[in-house]
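Single-structure report; data block below.
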Amino acid sequence: MYMVNDIEFDSGPYNTTFDKDGVKMTIADYFWKTYQLKVTEKKQPMLIVNGMGKGNMIPSEFCLLDGVP
């Protein structure tokens, strides 16, 4: 479970990149290669979440509202 800390409206899953094992990839590529989840909305906000001790960015279409802690 993750908690949303912020919303990044200026970034998207196709223009946000990071380094994974020495390879630069987009968030959309990562979700496809890791989870076989295809990003359908190219212009969507990214949710900045904390989980497993570090901050991550997740496309908003892959998140569900669970409640307020």
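Things worth noting here:
- Whichever residue in segment 1-29 is open to solvent by 70 Å² or more (accessible area, probe 1.4 Å), closer than 15 Å to V49 by Cα and not in a strand (DSSP E or B) and, among such residues, is modelled with the lowest pLDDT: M1
- Pairs, first over 17 Å from E41 (Cα atoms) in segment 11-28, second of a type in the set (S, T, Y) and surrounded by 12 or more Cβ atoms within 10 Å (Cβ to Cβ), C-beta under 9 Å, six or more apart: F18/T26; F18/Y30; K20/Y30; K24/T17; M25/T17
The values are calculated or read from the model by the stated rules, or taken from the named source; none is laboratory data. As the structure is a prediction and not an experimental result, all values here were calculated from the model. Here Cβ is always computed from backbone atoms with ideal geometry, including for glycine, and neighbour counts include all displayed protein chains. Each accessible area value is taken on the protein alone, full model and side chains, heavy atoms only, with ligands, DNA and RNA left out. Shrake-Rupley method; radii C 1.70, N 1.55, O 1.52, S 1.80 Å.
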